[in-house]
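The structure under discussion appears below in the form of structure tokens.
The values are calculated or read from the model by the stated rules, or taken from the named source; none is laboratory data. Note that the structure is a prediction, hence the values are computed from the model and not measured. Cβ placement follows ideal geometry from the backbone for every residue including glycine, while neighbour counts extend to all protein chains displayed.
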């Protein structure tokens, strides 16, 4: 019996470790545009970008005409399973063997930080679209990284300042216990304190926790009036649900530091109504965003998240830079990218700064109540538009060594 | 204010109540695992997937047939249990003569297939399942508010655990079951159809997982991943209680819920690890688990 138990546990561990699978990559010539996408395709963040991102990239390639520099564009995609080593080794493999010329990085800051190191080593442009961590353009910046749709700084500048202005002065943080959560809490703390609020406490919750009620009771006991949710995906959804169930939303205002439209869709407006959040894009902002949203919806049956829209825009931005440079040579393409003005369905006069931040408007939104929502996916009302410089902070604040001071 | 080890009493009490809720889930799930392991010697790695299917069955019964929570509480375990019977008859049955490792590998693979399929169909964000109208609202306990639904979860799972224990330990059917566990061929010699019993036991264990899934549906999102992280914890609970020990798995399920609740106050970062630390210690001191027999 004893031997059996131990054997079981050991073999369970081996099985779990062995459950690694890869999608295959194709061989390609080096003078051809090869776009790669490494993202969480099968776990908690799969609805944020995932297969929907693949669809967005395909739309962008099609809209560009399907070929660049006279040759068809190749597109590869792989699942990083939220493991940094898998993301980095796939990136390296594609760069070495498949002639990769540009990589789109999906969700998970931890994986993107590992992939940024490969970008510097292999000199293949890396568009971090799904990762939030601002360190990608600060201490971990590279000459080949572009941080595209949002970051922890812009999220904090949006939601935290809006909450404090609306009277939420005393904050308690419920933080995901890894790089993303801690960077988000740090950024939000700065904003809260700068705007005249205080932080009364925080609790670090391990990733993958299923029951948030204990942590929310601690928040309630803190005497704060805002509970800042520095988490994402399933963690965010479950913590907001518990906050409602335990009546915490009645005494404290929940603030979503990162929420995607897919999360709001999953929660339903009854649970999410009144919530403040910050987003880099929303389908119902203007005619261009609506047109893209509707096209995407026709293909997938869902409205795109800001990161799926970001995938589309990033792919086109890159392809336009290749066209302008007349080559896939990384340094020449990066030079074009830093010169470009990005005007499309995603950004208005967006530009890529020396430290890699794609500076563009961010939007503080409030989730509508079921009565206010007129149509399916009609979820947000615009509270405030943050100009790019205000959202992402001045370049002088960047600690990226590439920024000349 | 009264304090316990420097923590205010209301905070500690609140965490203990919540620990009790989580412990009820652990108890219900580990009970199913223990029953299956006891008779089949199969480490049922698909338990988390069946738990998830229980939640999804409740959701689909609601949106396809308009069957409410109370109906789902009965139908969903029956449907998922029937699926378990098919799995046992078609797949597991062929592995009993082999090393138990094969059963583990088969159920692990099965869990991945089921979860992958559900993700393909329903996405990863999950779906909200409404709290039944009769159980909305909360009790004010003074030191905390306890949602009525959570109180119901404690009541329901303790009742089911108690009934299962009575059935196995105090009835003739239970006695036959235990006899088959001890010596299958001898039991068969007495004219008892052991293979049918094995099939039904697996179905019942799976149905318990599905029942837990229905109970969990209004609390967490119904999502393809809801069972993944839980099943690992429940395995640790079963190992701590003693593999195959019905009573042990119920008691250790509740106890570990408490310990986890307290860890969330004292050192939250360790709350998902504390059960595994306890498991390691128990394995070192009592390798058969707290209530296990050699």
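Annotation note: of A:168, A:158, the sole residue that is over 23 Å from residue A:394 (Cα atoms) and more than 11 Å from chain B (Cβ to nearest Cβ) is A:168. Among the residues of region A:342-385, those that are assigned to a strand (DSSP E or B), buried (at least 21 other Cβ atoms within 10 Å of the Cβ) and in contact (Cβ under 8 Å) with a residue 40 or more places away in the chain comprise A:352, A:357, A:358, A:362, A:364, A:365, A:367, A:380. When you look at residue A:98, is it at pLDDT below 95, touching a strand residue (DSSP E or B) at 6+ places or on another chain (Cβ under 8 Å) and surrounded by fewer than 23 Cβ atoms within 10 Å (Cβ to Cβ), yes or no? So residue A:98 fits the description; yes. Quick one: is residue A:259 outside any helix (DSSP H, G or I), more than 22 Å from residue A:120 (Cβ to Cβ) and within 14 Å of chain B (Cβ to nearest Cβ)? Taking the combined requirement at face value, the residue satisfies it. Residues in region B:236-275 that are within 7 Å of chain A (Cβ to nearest Cβ) and within 21 Å of residue B:205 (Cβ to Cβ): B:239, B:243.
Note on region B:243-270: among residues that are free of Cβ contacts under 8 Å to residues at least 24 places away in the same chain and touching a strand residue (DSSP E or B) at 6+ places or on another chain (Cβ under 8 Å), the one that is surrounded by the most Cβ atoms within 10 Å (Cβ to Cβ) is B:268. Within the set B:181, B:171, the sole residue that is in contact with a helix residue (DSSP H, G or I) (Cβ under 7 Å, 6 or more places away or on another chain) and on the phi < 0 side of the Ramachandran plot turns out to be B:181. Scanning region B:136-169 for residues that are within 13 Å of chain A (Cβ to nearest Cβ) and either modelled with pLDDT under 85 or part of a strand (DSSP E or B) (or both) returns B:136, B:137, B:138, B:139, B:140, B:141, B:143, B:144, B:145, B:146, B:147.
Taking the criterion of being in a loop (DSSP other than H, G, I, E, B), modelled with pLDDT under 95 and either more than 24 Å from the chain's Cα centre (by Cα) or farther than 14 Å from residue A:115 by Cα (or both), the residues of region A:67-94 that qualify are A:69, A:70. If you check B:50, B:56, B:20, B:65 for being free of Cβ contacts under 8 Å to residues at least 24 places away in the same chain and away from chain A (no Cβ under 11 Å), only one passes: B:65. When the residues of region A:187-225 are filtered to those that are in a loop (DSSP other than H, G, I, E, B), facing chain B (nearest Cβ under 10 Å) and buried (at least 19 other Cβ atoms within 10 Å of the Cβ), the one that is modelled with the highest pLDDT is A:212. Entry remark, region B:35-89: residues being part of a helix (DSSP H, G or I) and in contact with a helix residue (DSSP H, G or I) (Cβ under 8 Å, 6 or more places away or on another chain) number 38 in total.
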